[in-house]
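Notes follow the structure.
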Amino acid sequence: MKWGTMMIIHSSAARAGQVLAADLFGRTNHPMIRKNTVLTAEHLDILSLFIIKEIEILSDTSDKKQAADPNSQKSQLTPDNPSKMHSHFLTLYKEAVKQYKVLFTNWEAGAPIDALSLRKAIVHVVEKGMDHPGEISNMQQITNRDDYLAYHAVSLAVFSAFIARRLGYPRGECLQIGMAGALCDCGMSRISPAILKKKGPLNPQELKEMKQHSIHGYNLLKKLPAIKEGVLLGVLQHHEREDGSGYPLKVPGSKLHPYSRILAVADVYIAMTSERSYRTKLSPFKVIELMMKDQFGQFDPGIIRVITDGLTIFSAGSKVRLSNGQIGLIVFKEDSYPTRPIVQLHQSEDIISLMERKDLYIEETLYY
C-alpha cells in the first residue's frame with residue numbers, strides 16, 4: 001500500500017485501514033490516537049463518541065482498489081461475539097477443574113500421576129486461553145475457595161501457557177509449560193488434608209510442611225518417562241525467587257529453568273486474584289498495577305511486562321466495573337498506562353480518566 005499527501009476529512013468519512021496523519025486529542029492532554037496509527041473499527045467508535053468532526057489522514061493511492069474489495073473491509077469491521085466466546089471458554093474451564101479434582105483425589109489415595117489423563121483434561125482450555133487474554137482476565141471470577149487447589153491448578157496451566165505464548169515460545173512448548181502449571185501442586189496430595197483444608201493462615205510448623213509440596217511433586221514426577229526436564233524443574237522451582245529468597249532450595253534466578261521463572265510469576269498472580277478461605281481476592285487489574293509498581297522485585301520484570309501488556313488489551317466499547325461499583329465503557333486507553341483508560345460511566349454518562357482518579361481502578365471486565 002502506498003501513502004500520498006495529507007488530507008483533512010470529516011470523521012464520518014473515515015474508514016478502517018486509513019492512517020492518521022497527526023496526533024488526535026480529546027479531553028485530556030494525552031493523544032487519544034497517535035500519529036501514523038492505522039485506524040480500526042474501534043478508533044472509528046472513538047471518533048463518534050467524542051464527537052470529533054475532522055481528522056487528518058494520509059491519502060492512500062490504492063483507495064480505489066481497497067473500496068472495490070468489500071471483503072477486506074468487512075473482515076476488519078466484523079467483531080467476534082465476546083459473550084459467546086466467554087461462555088465457551090468457561091465451559092471448558094469448569095470441565096477441566098472437574099476432571100482435575102477427580103485426578104487429585106486419586107493422587108491423594110496413592111495412585112501414580114497420570115500425565116496423559118491430565119493433559120487431556122486441560123489441553124482444550126489451555127489452547128483457548130493462550131490466545132484470548134480477555135478470558136484470562138475473568139477466569140478468576142468463578143473460582144471457589146472450597147476447591148481452591150483445582151481452580152488454581154487449571155488457572156495456572158492456562159495462564160502459564162499464555163505467558164509463554166507472549167514470550168514467543170512455540171505452541172507445543174507452551175502446552176508443556178501449561179502442563180507444568182497444572183502439575184505444580186501435585187505434591188499437595190502428600191500434604192496433610194487438615195493443613196490443606198484449614199480455614200485460616202498456617203502456623204510455622206504447618207507452613208514448613210506445606211513448603212515441602214514442590215519436593216513431593218518432583219519426587220512423584222521424576223520417574224515418569226513422559227515428563228520432560230523443563231516440566232520437572234518447573235514443578236520443583238516454581239516457588240524459587242530471582243534473589244534466592246524462595247524455597248525449597250533457595251536457587252537464585254541465574255540458575256532457574258526458564259519454565260520456573262514463568263511459573264513463579266503466574267503462580268503469584270493466580271493466587272492473588274483467587275478467593276481464599278482467609279482473605280478475599282484482588283482485582284486482576286489491581287494486581288497488575290502492584291506488579292507495575294515493582295512490588296514484586298523477586299520476579300523477572302520481563303515476564304511481569306508480558307502480563308501487563310497481555311491482560312490490559314481493552315478495546316473501545318469494553319464494559320467494565322470499577323472499584324466503586326459503577327459500570328462504564330472503555331472509550332480510550334493510553335498505551336503507557338494500560339490499566340487506567342478513559343471510561344464513560346453508564347449511569348451519569350460522565351467521562352472520567354482513571355489516570356486522574358487514583359482512588360478508582362477497574363474491578364472486572366463484564367460480558368453482559
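Each reported figure results from applying straightforward, stated rules to the coordinates on display, with no laboratory input. What you see is a predicted model; the values in this text were computed from it and never measured. All Cβ positions, glycine included, derive from the backbone under ideal geometry; neighbour counts span all protein chains shown.
Of the listed pairs Lys120/Lys228; Lys198/Lys250; Lys250/Lys293; Lys101/Lys286; Lys35/Lys333, which have alpha-carbon separations greater than 21 Å here?
Result: Lys198/Lys250; Lys250/Lys293; Lys101/Lys286 exceed 21 Å.
Seen from Lys35, the other residues with C-beta closer than 12 Å to its C-beta sum to a net charge of -1, counting Lys and Arg as +1 and Asp and Glu as -1.
Dividing the Cα convex hull volume of segment 131-250 by residue count, how many Å³ per residue is that?
Details: hull volume 14.8 nm³, N = 120.
Looking at segment 131-250, the number lands at 123 Å³ per residue.
For an R0 of 25 angstrom, estimate the FRET efficiency from the Cβ-Cβ distance between Ser245 and Leu202 and round to the nearest 0.05.
Working: r = 19 Å, r/R0 = 0.74.
That gives a FRET efficiency of 0.85.
Based on Cα contacts under 8 Å between residues 6+ apart, segment 144-233 shows a relative contact order of 27 percent. Can you list the residues of segment 146-175 with backbone N under 12 Å from a point 7 Å past the Cα of Asp131, pointing along Cα to Cβ? Those under the cut-off are 171. FRET efficiency for the pair Ala41 and Glu349, taken as 1/(1 + (r/R0)^6) with r the Cβ-Cβ distance and R0 = 30 Å, rounds to 0.85. Relative contact order for segment 84-155: 45 percent, from Cα pairs under 8 Å spaced at least 6 residues apart, divided by residue count.
Calculate, for Leu360 and Arg145, the FRET efficiency according to 1/(1 + (r/R0)^6) with r their C-beta to C-beta distance and R0 22 Å; round to the nearest 0.05.
Values: r = 26 Å, r/R0 = 1.20.
Rounded to the nearest 0.05, the efficiency is 0.25.
Which order, highest average first, do 258-271, 93-106, 174-187, 233-246 follow once you tally other Cβ atoms within 10 Å for each residue and take the mean per peptide?
Details: 258-271: 24.3, 93-106: 17.9, 174-187: 26.6, 233-246: 21.6.
So the peptides 258-271, 93-106, 174-187, 233-246, ranked by packing, come out 174-187, 258-271, 233-246, 93-106.
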